[in-house]
1. Around TYR30, with a cut-off of 14 angstrom between Cβ atoms, what is the net charge of the other residues, counting Lys and Arg +1 and Asp and Glu -1?
2. Report, by chain and number, residues whose modeled amide H sits under 5 Å from the one on SER44, excluding near sequence neighbours (fewer than 5 apart, same chain).
3. Could you tally the net charge around HIS1, taking each other residue with its Cβ under 14 Å from the Cβ of HIS1, Lys/Arg +1 and Asp/Glu -1?
4. Given the range 1-68, what whole percent of its Cα pairs are spread farther than 16 Å?
5. With a cut-off of 13 Å, note down the residues of the range 1-40 whose backbone N falls inside the zone around a label point 7 Å from the Cα of HIS54 toward its beta carbon.
6. Once amide H atoms are built 1.01 Å from N in the peptide plane, which residues 5 or more positions from ASN62, or in another chain, come under 5 Å H to H?
7. Contour minus end-to-end for THR19 and SER45, with contour as 0.36 nm per residue of separation and end-to-end as the Cα-Cα distance?
8. Under a point-charge model restricted to the Cβ atoms of Lys and Arg (+1) and Asp and Glu (-1), what is the dipole moment magnitude of the range 2-81 relative to its Cα centre, in debye to the nearest 20?
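Here, each number is a calculation from the coordinates, and none is a lab measurement. All values derive from a computational prediction rather than experimental measurement. Positions of Cβ are backbone-derived with ideal geometry, glycine not excepted, and every protein chain shown enters the neighbour counts.
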Amino acid sequence: HVAMDSSGNAIVVWQQYNTDFILSIYAKRYVAGTGWEISPVTISSELEDAENPHVAMDSSGNAIVVWQQNYDIYANRFEFK
């Protein structure tokens, strides 16, 4: 799932198995004029499978990622500075 702000910054989120074969949620940012960050960031807990990530971004570059983990909904906020 991808979101972009009016300045061309973006964030992409996805689910992927980690080395312990647990589904984790990852995020990677694209900064306009600079490019993609080097490494993705794991944003979910490593204790149980995390699924269905979605992301939204406002015009100022503030993004929120939500996902399901077990029977709960989690969120993480990102800011472009």
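1. Details: positive: LYS28, ARG29; negative: ASP5, GLU37.
Residues near TYR30 contribute 0 overall.
2. For SER44, the qualifying residues are ILE25.
3. On the way: positive: LYS28, ARG29; negative: GLU51.
So the environment of HIS1 carries a net charge of +1.
4. Result: 46 percent of Cα pairs exceed 16 Å.
5. Hits in the range 1-40 for HIS54 at 13 Å: 1-2.
6. Those lying under 5 Å, H to H, from ASN62 are PHE80.
7. Numbers: separation 26, 0.36 × 26 = 9.36 nm, distance 1.35 nm.
Contour length minus Cα-Cα distance gives 8.0 nm.
8. 360
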